[in-house]
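Asks: Structure incoming, see below.
The values are calculated or read from the model by the stated rules, or taken from the named source; none is laboratory data. Owing to the predicted nature of the structure, the values given are computational and were not obtained by experimental measurement. FYI the Cβ positions are ideal-geometry reconstructions off the backbone, even for glycines, and counts take in every protein chain you see.
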2 protein chains.
Amino acid sequence: MSKTVITISREFGSGGRTIAFELAERLGYNFYDKALVERIAKESGYSKDFVERRGEDATSTSSFLFNLSRSGSGGYDGVSGISDKLYVISHNIIKKLPEEGPCVIVGRCADYILKDCPEALHVFIYADMQFKAERIVKLYGEMEDVPQKRLEEKDKKRKVYYKNYTGRIWGMSTNYDISLNSGKLGIESCIDIIADLAQR
Amino acid sequence: MSKTVITISREFGSGGRTIAFELAERLGYNFYDKALVERIAKESGYSKDFVERRGEDATSTSSFLFNLSRSGSGGYDGVSGISDKLYVISHNIIKKLPEEGPCVIVGRCADYILKDCPEALHVFIYADMQFKAERIVKLYGEMEDVPQKRLEEKDKKRKVYYKNYTGRIWGMSTNYDISLNSGKLGIESCIDIIADLAQR
């Protein structure tokens, strides 16, 4: 059965977003990265910039899953904090994306939210530090912090965000159907492998 | 550059050993599973049965890496326990296997031992519980314990063994170059993907 929903989780700087974009282009699937931010912004009433800043690297201080179990509700009641509110909105949007047609979704715990979707292929992209550091300097330029520090901080936040909203360990193989080291295998190879699996 | 050394780490029941065997056949590589046990048995003086029993699911009670750092030696001095002795022998054999020609190595922390080998491709194979349970019943028959319990116990031991000897988390994507869910993707697909990557 072909896979019409592809979720791409990725380490910062690994090229995961590029892989996701190229895949969507090649397969003719909808691409949800900025488009998802726009949807969340529209639904929440916050600006796109704000939603982006409070994205996958901002978390509330208390556990979302704990709050949710205490509130006994999947909605807003009893769920505190802006990040939690944005997560719930994003969760509800992502849950329905497959109904709108074949798609590639970047980040935002989509692997977890769509874990029971039979049409989904869940992918994790990562790479070694040197590959990522060279890549972000090339893409975003030099900054005050050394690239290693930027990479570690960004991924640490994503890890905490993921743990907070899913209860799972970010980057653990068993969360995904396939995990690929883009630094070792090459970005083109990753696209080929995923496209091929999606079309089988 | 083609990959002439493939290490396969795998969850019990995931078909990882079958994938490794078929890969070695298809690529014409040496296959190290039982053959590795025989080597370790020969070098240690213990029987094959004993080495197999004290394999990847038997660990000493104290941390190997801690003992090693305290002893300040990569050899046997200061390293206690039969499991540790077998690990050191196995480590030294695996380290030299690539010199003997292209190969596929199953388990025994080969991904960690050969992590700096430029010709190596490190693979992790896993699957969902239902797939693994059905597979082990088909392969090994019904036993006193339910298959789920056998699977959990076996993998728990492998996890502890791996942590003890490598300091890393077993199954974490970043330890490997590619991780594949054989239950979801199918065993044949896994073989195709790995063989293709090895030959690129």
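So that you can scan it fast, the table gives a plain yes or no per residue for (1) in contact with a strand residue (DSSP E or B) (Cβ under 9 Å, 6 or more places away or on another chain); (2) surrounded by 15 or more Cβ atoms within 10 Å (Cβ to Cβ):
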site: A:Asp128; (1), (2): yes, no
site: A:Lys132; (1), (2): yes, yes
site: A:Tyr161; (1), (2): no, yes
site: A:Trp170; (1), (2): yes, yes
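Asks: Test of understanding: among A:Glu188, A:Glu144, A:Glu99, which residue is closer than 25 Å to A:Glu43 by Cβ and either among the acidic types (Asp, Glu) or modelled with pLDDT under 95 (or both)?
Replies: Working: A:Glu188 fails: closer than 25 Å to A:Glu43 by Cβ; A:Glu144 fails: closer than 25 Å to A:Glu43 by Cβ.
After ruling out the rest, the residue left standing is A:Glu99.
Asks: Just for the range A:16-41: of the residues that are in contact with a helix residue (DSSP H, G or I) (Cβ under 9 Å, 6 or more places away or on another chain) and free of Cβ contacts under 8 Å to residues at least 24 places away in the same chain, which one is nearest to A:Pro102 (Cα to Cα)?
Replies: Ranking the qualifying residues of the range A:16-41, first place goes to A:Lys34.
Asks: Could you pull out the residue among A:Ala133, A:Ala120 that is farther than 23 Å from A:Val5 by Cα and of a type in the set (A, V, I, L, M)? Can you show your working first?
Replies: Values: A:Ala120 fails: farther than 23 Å from A:Val5 by Cα.
On inspection, the qualifying residue turns out to be A:Ala133.
Asks: Where in the range A:91-200 are there strands (runs of 3 or more DSSP E), lying wholly inside it, with at least 3 residues that are in contact (Cβ under 8 Å) with a residue 60 or more places away in the chain and within 14 Å of chain B (Cβ to nearest Cβ)?
Replies: Details: elements: A:103-106, A:120-126, A:178-181.
Correct list: A:120-126.
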